[in-house]
Amino acid sequence: MSWYKAEARKIEIPPAKALWAICPKCASHFDKAEWKKNGSICPKCNYHGRLLARERISQIADEGSFVEEFREVTYSDHLEFHDATGSYKEKVEATIAKSGETESVVMGSCTIGGKKAMLGVMDFSFMGGSLGTGTGERIARACEKAIAERRALVLFSASGGARMHEGILSLMQMAKTSAAIAKLKEAGLAYISVLTDPTTGGVSASYAMLGDINITEPRALIGFAGRRVIENTIHQKLPDDFQSAEYLEKHGFIDRIVERKELKGFIAKMLRYMSAD
């Protein structure tokens with residue numbers, strides 16, 4: 001009697017992330033459609049997942065009102081920077097091809113709850129949401145357009161900090177954007193800053209904290225230097241919730257924590273309250 005024989009075939013099992021959305025905080029698994037339907041918010045622990053810039057814009061701007069501005073303003077490779085993994089130009093061009101974006105902030109004019117605004121949304125998937133020369137120039141131009149058209153500025157931050165591939169010109173964007181926002185305020189126009197997960201480094205040390213009102217989503221990471229850097233510098237153990245949105249609100253650095261599903265209504269309310277037009 002002969003046994004049945006068949007050629008063994010290797011079955012490729014798709015990785016879990018291809019089938020499920022996995023919460024980064026509690027590791028719960030959800031159908032991707034359910035995750036998206038819930039606004040990328042974990043139904044179990046209320047973790048607010050990161051959003052692409054276009055996803056955020058669709059949630060905040062009134063339907064059909066968003067008109068993108070300054071898309072032609074992009075990165076500068078004045079240093080012709082290279083490291084062990086390749087050139088900066090190759091990396092950023094690959095990011096542009098993959099994401100379809102040309103900088104780490106998408107900027108445009110729109111209405112939010114019927115109120116005119118300039119809306120900017122940083123995208124962490126674009127070079128870690130880093131602050132480059134193109135990013136700073138877009139924000140500065142947005143402030144100028146807001147002044148000319150008497151619009152408020154609403155800016156969502158999501159960043160690891162300055163884009164060091166661009167050297168000192170990247171760091172100078174901290175001062176450039178802060179000066180542009182100062183001019184906006186001198187013109188009597190409102191600036192609403194929304195700090196999302198994560199907002200760190202040079203972005204948190206400049207325009208992200210300069211809002212007439214600074215708001216954030218629950219459990220967002222907000223800070224300047226990393227936890228380990230601070231602990232090794234001061235030789236002290238930091239609280240477990242250090243640099244969380246809740247910690248910052250408790251200590252007066254943030255005005256309000258707002259759930260993602262309530263953000264548009266809250267911003268529209270603030271625009272009505274703060275607008276003189």
Test: residue in the stretch 153-162 that is out of contact with any Ser or Thr (no Cβ under 8 Å at 6 or more places or on another chain) and part of a helix (DSSP H, G or I): no
Where a residue in the stretch 86-106 is in the same structural domain as LEU119 (by TED's automatic domain parsing) and its partner, wherever it lies, is in a helix (DSSP H, G or I) and of a type in the set (Ser, Thr, Tyr), with Cβ under 6 Å and at least six apart: GLU103/THR135; SER104/THR135; VAL105/THR135
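Rundown of residues vs (1) in the same structural domain as MET122 (by TED's automatic domain parsing); (2) polar (S, T, N, Q); (3) at pLDDT below 95; (4) crowded, with 17+ Cβ neighbours inside 10 Å, yes/no style:
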site: PRO24; (1), (2), (3), (4): no, no, yes, no
site: PRO43; (1), (2), (3), (4): no, no, yes, no
site: GLU55; (1), (2), (3), (4): yes, no, no, no
site: GLU63; (1), (2), (3), (4): yes, no, no, no
site: PHE66; (1), (2), (3), (4): yes, no, no, yes
site: GLU69; (1), (2), (3), (4): yes, no, no, yes
site: VAL73; (1), (2), (3), (4): yes, no, no, yes
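If you take just the helices (runs of 4 or more DSSP H) that sit entirely in the stretch 194-277, which of them hold at least 2 residues that are buried (at least 19 other Cβ atoms within 10 Å of the Cβ) and either on the phi < 0 side of the Ramachandran plot or at pLDDT below 95 (or both)?
Values: elements: 201-204, 227-234, 245-250, 260-274.
Ranges flagged: 201-204, 245-250, 260-274.
Against the condition under 24 Å from GLY113 (Cβ atoms), aromatic (Phe, Trp, Tyr) and assigned by TED's automatic domain parsing to the domain that holds ASP62, how does TYR247 come out, does it pass?
Details: under 24 Å from GLY113 (Cβ atoms): no; aromatic (Phe, Trp, Tyr): yes; assigned by TED's automatic domain parsing to the domain that holds ASP62: yes.
Judged against the criteria, TYR247 is not a match.
Okay, residues lined up against (1) part of a strand (DSSP E or B); (2) closer than 22 Å to SER40 by Cα:
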residue	(1), (2)
GLN59	no, yes
GLU63	no, yes
THR74	no, no
GLU80	no, no
ILE96	no, no
GLY108	yes, no
GLY128	no, yes
ARG138	no, no
Pick from the stretch 123-153, criterion out of contact with any strand residue (DSSP E or B) (no Cβ under 6 Å at 6 or more places or on another chain) and at positive phi, ranking: surrounded by the most Cβ atoms within 10 Å (Cβ to Cβ): MET127
Selected residue (only one of GLY120, GLY161 is in contact with a helix residue (DSSP H, G or I) (Cβ under 9 Å, 6 or more places away or on another chain), at positive phi and not charged (D, E, K, R)): GLY161
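May I ask you to verify whether GLY86 is modelled with pLDDT of 95 or more, of a type outside the set (A, V, I, L, M, F, W, C) and over 27 Å from SER204 (Cα atoms)?
Details: modelled with pLDDT of 95 or more: no; of a type outside the set (A, V, I, L, M, F, W, C): yes; over 27 Å from SER204 (Cα atoms): yes.
Here the answer is no, as GLY86 does not meet what is asked.
The values are calculated or read from the model by the stated rules, or taken from the named source; none is laboratory data. Quantities reported herein were computed from a predicted structural model and do not represent experimental measurements. Note: ideal-geometry Cβ built from the backbone for every residue, glycine included; neighbour counts use all protein chains shown.
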